[in-house]
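*Asks:* Have a look at the structure that comes next, please.
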Amino acid sequence: MRWIVVAPLLLGVVAVAGCGAAAGERPAAGTVPSKAPATNATSAPSPSLSPVATGAGCNGTSVLLGDGFPEVQGTAEDAELWGLLFAKAPPPLPRGEEIKIVWRMTGEGPLQVRGVLPDGTRATLIWGPEAHGGSSWKRPGEEWGTGFVFPKRGCWKIELTRTRGSGHVWLPVR
């Protein structure tokens, strides 16, 4: 009976560990790990995701695993917010390395993104947000890619703002 519960979780962790882009490598815009066809902004979330073990996220952000990279669902006002972490493994994320994060957010207007620690330290936004024209990642909203470097350990608040809609996620960095 124990293997029925543990085996799917182990398979998900192994799949995520082997799918990350090399450090500093940027997957092409619009490239996502899902095999599903591209969908519009009203598509339903994938039912195959399950939460990662306790401690993977911070300050209430859950990290989800599916068939590809780890995902986070943000807390948002007047919007829905999701992030897809192009990382070698589930969080905590590595300090000092470029991490690609693809965002999907409903609302209106251009996207502004920043990462900050509670002490005021800012993450370095290496590139983005870059709008993606198409994707196979099934989450609501328009899609953008960003590249961050987190210079310190801690629980980072990533804030996303549009003309209409705002939200955030918390990501641990080791």
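*Asks:* Pick out the one residue from Lys157, Lys152 that is surrounded by 18 or more Cβ atoms within 10 Å (Cβ to Cβ), of a type in the set (Lys, Arg), farther than 21 Å from Glu108 by Cβ and touching a strand residue (DSSP E or B) at 6+ places or on another chain (Cβ under 8 Å). Please lay out each step first, then the result.
*Replies:* Numbers: Lys152 fails: surrounded by 18 or more Cβ atoms within 10 Å (Cβ to Cβ).
Only one candidate qualifies: Lys157.
*Asks:* Mind checking whether some residue in segment 82-91 is surrounded by 20 or more Cβ atoms within 10 Å (Cβ to Cβ), modelled with pLDDT under 95 and aliphatic (A, V, I, L, M)?
*Replies:* Within segment 82-91, one or more residues are surrounded by 20 or more Cβ atoms within 10 Å (Cβ to Cβ), modelled with pLDDT under 95 and aliphatic (A, V, I, L, M).
*Asks:* Something else about it: Scan segment 123-135 for residues that are closer than 14 Å to Glu159 by Cβ and exposed (fewer than 13 other Cβ atoms within 10 Å of the Cβ) and report the count.
*Replies:* 0
*Asks:* Given the conditions (1) within 18 Å of Gly57 (Cβ to Cβ); (2) part of a strand (DSSP E or B); (3) out of contact with any Asp or Glu (no Cβ under 8 Å at 6 or more places or on another chain), report the number of the one that Pro90 does not fulfil.
*Replies:* For Pro90, the failing item is (2).
*Asks:* Which ranges mark the strands (runs of 3 or more DSSP E) fully within segment 94-174 that have 3 or more residues being under 13 Å from the mean Cα position of the chain (by Cα)?
*Replies:* Working: elements: 98-105, 112-116, 124-131, 142-149, 154-161, 166-173.
Passing ranges, in order: 98-105, 142-149, 154-161, 166-173.
*Asks:* Another question, then. In segment 66-78, what residues are assigned to a loop (DSSP other than H, G, I, E, B), surrounded by fewer than 20 Cβ atoms within 10 Å (Cβ to Cβ) and touching a residue at least 60 places away in the same chain (Cβ under 8 Å)?
*Replies:* If the condition is that a residue be assigned to a loop (DSSP other than H, G, I, E, B), surrounded by fewer than 20 Cβ atoms within 10 Å (Cβ to Cβ) and touching a residue at least 60 places away in the same chain (Cβ under 8 Å), then Asp78 is the only one that fits.
*Asks:* Return yes or no: is Thr61 within 15 Å of the chain's Cα centre (by Cα), closer than 20 Å to Glu159 by Cβ and modelled with pLDDT under 95? So that I can check it myself, show each step before the final result.
*Replies:* Working: within 15 Å of the chain's Cα centre (by Cα): yes; closer than 20 Å to Glu159 by Cβ: yes; modelled with pLDDT under 95: yes.
Answer is yes for this residue.
The values are calculated or read from the model by the stated rules, or taken from the named source; none is laboratory data. All values reported here derive from a predicted model rather than from experimental measurement. With ideal geometry, Cβ positions are generated from the backbone for all residues, glycine too; neighbour counts draw on all protein chains shown.
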